[in-house]
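Take a look at the structure below.
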Amino acid sequence: MITQPAVGGADAELVNASLTEPEVFAELFDRYSAMLFRYASRRLGPEPAEDLVGETFLIAFSRRKSYDLAYPDARPWLFGILTKLISRHHRTEAARYRALLRAPIDHEVESPADRVAVGVSARAVRAELAGALAALPAKDRDVLLLIAWGDLTYEEAARALGIPVGTVRSRLNRGRRKVRAALGDTNPLEEE
């Protein structure tokens, strides 16, 4: 019987409880596996993403004794592990960006008219965007995508990558500047 913490407890409580009751760790998988999968899938595609998410949780489980319980949210820790695994698959990621040139757009919009407008705008810059992402240094790309696709804050991205927040800010600024330049200093989704 699982006695602590209650389902819905802070991640740090779950990690701590899993030291004596390993099955408690499954709650973290339930909470974050879909989020991690979406992030990895956008970077590498669904097949390697599934494997890497599983590997992320295996690594996290084996390292749970070293988790800093001062941080109640385990997302940055898990994203950090996953990002390091993704960095080993750099060639696959670059190939994924090239494939995005040929793939349909995979995000939700509210109406058919919005879908058409977003689709036309996105297709118009897909090659430039994919090229800009592929051309970014891996460290800059990791920060940019953790924030854009992983929905992490600057502080969470810093924790995930084990770098200072100031470094996150400078890498994000550099990455955004390079992507913006590749798109002709415009955001096609904001243009009328």
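The values are calculated or read from the model by the stated rules, or taken from the named source; none is laboratory data. The model shown is predicted, which means the values in this text are computed figures rather than measured ones. When we count neighbours, we look across all protein chains shown, and the Cβ atoms used for this are built from the backbone with ideal geometry, even at glycine. Surface accessibility is based on the protein's heavy atoms, side chains included, excluding ligands, DNA and RNA. Shrake-Rupley method; radii C 1.70, N 1.55, O 1.52, S 1.80 Å.
Data for the structure
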{"item": "Heavy-atom accessible area per residue - the stretch 6-60, 1.4 Å, Å²", "result": "45 Å²"}
{"item": "Packing-based ranking, highest mean first, of 25-36, 74-85 given that Cβ atoms within 10 Å are counted", "result": "74-85, 25-36"}
{"item": "Partners for Lys178 among lysines (Cα-Cα distance below 22 Å; same-chain residues under 8 apart left out)", "result": "Lys139"}
{"item": "Proximal lysines to Lys65, defined as alpha-carbon separation beneath 24 angstrom and excluding residues fewer than eight positions away on the same chain", "result": "Lys84"}
